[in-house]
Amino acid sequence: MSIRQRFRTDDRAIEGLPIRLVIALVVGVASLSVMMNMLSGLNGLAVSELDAKPEPEVIEPGHQTLDIVVIDADGEPVADATVVVKSDSARLESVETATTESDGRARLSIDPGLGPNQDDGTLEIDIKPPAGSEFADKRENTRILVVSD
């Protein structure tokens, strides 16, 4: 019996196709479906970088009230983020933290100081994204400039 005759008499397949070809087709479609789902899910894995906008950006040594607005890459406010302000070249007695409200604003009461013979310095701002969010704070944020009179 020739190959041509065997294909015509093969009753294990659909419409005369060999069963191996049918299996390969089903596996190929299933694999393509899984890959398409993975590609469409990549947007869900995307991370939006957060940024801090301190108001004011320049302050004097001594007791100050500082507002910091946390925004995402699109400029939208981010609620429930934790803002951390700590010493850099200017001094703080302790690390200060606050959580942003629904408008993305956090209010902190700080008391920065400068060292002897130091005319200016900076305070560092870190942002801890809300738990379970698609946000990250990998890049450096705006620093607060502390300038003596």
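FYI, it's all coordinate maths here, none of it is from the lab. What you see is a predicted model; the values in this text were computed from it and never measured. All Cβ positions, even for glycine, are placed from backbone atoms using ideal geometry, and neighbour counts span all protein chains on display.
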Practice item. Under 1.5 on a/c is rounded, so check that first for the range 55-140, then, if it is not, pick prolate when a/b is larger than b/c and oblate when it is not; a ≥ b ≥ c are the square roots of the alpha carbon gyration tensor eigenvalues. Key: prolate
Practice item. Take every Cα pair under 8 Å in the range 61-149 that's 6+ residues apart, average their separations, divide by the length, and report that relative contact order as a whole percent. Key: 32 percent
Study note, to complete from the structure: Any GluC sites (Glu not before Pro) in the range 82-149 that lie in a DSSP loop and have at most 15 other Cβ atoms within 10 Å would be 93, 101, 134, 140
Study note, to complete from the structure: Here the FRET efficiency for residue 99 versus residue 34, based on Cβ atoms and R0 = 30 Å and rounded to 0.05, is 0.15
Point to revise | Unit charges at the beta carbon, dipole of the range 35-148: most positive-side option, 75, 147, 94 | key: 94
**Study point:** Separation in nanometres of the label points that stand 7 Å from Cα toward Cβ, at residue 126 and residue 79
**Key:** 2.6 nm
Study note, to complete from the structure: Whole-Hz Karplus couplings 3J(HN,Hα) for the range 136-144, θ = phi - 60° and coefficients 6.51, -1.76, 1.60, Gly and Pro as x, run 8, 10, 9, 8, 5, 8, 4, 9, 8
Review point. Once phi is turned into θ = phi - 60°, what whole-Hz ³J(HN,Hα) does the Karplus curve with 6.51, -1.76 and 1.60 give for every residue of the range 119-124, x standing for Gly and Pro?
Key: 8, 8, x, 10, 10, 8
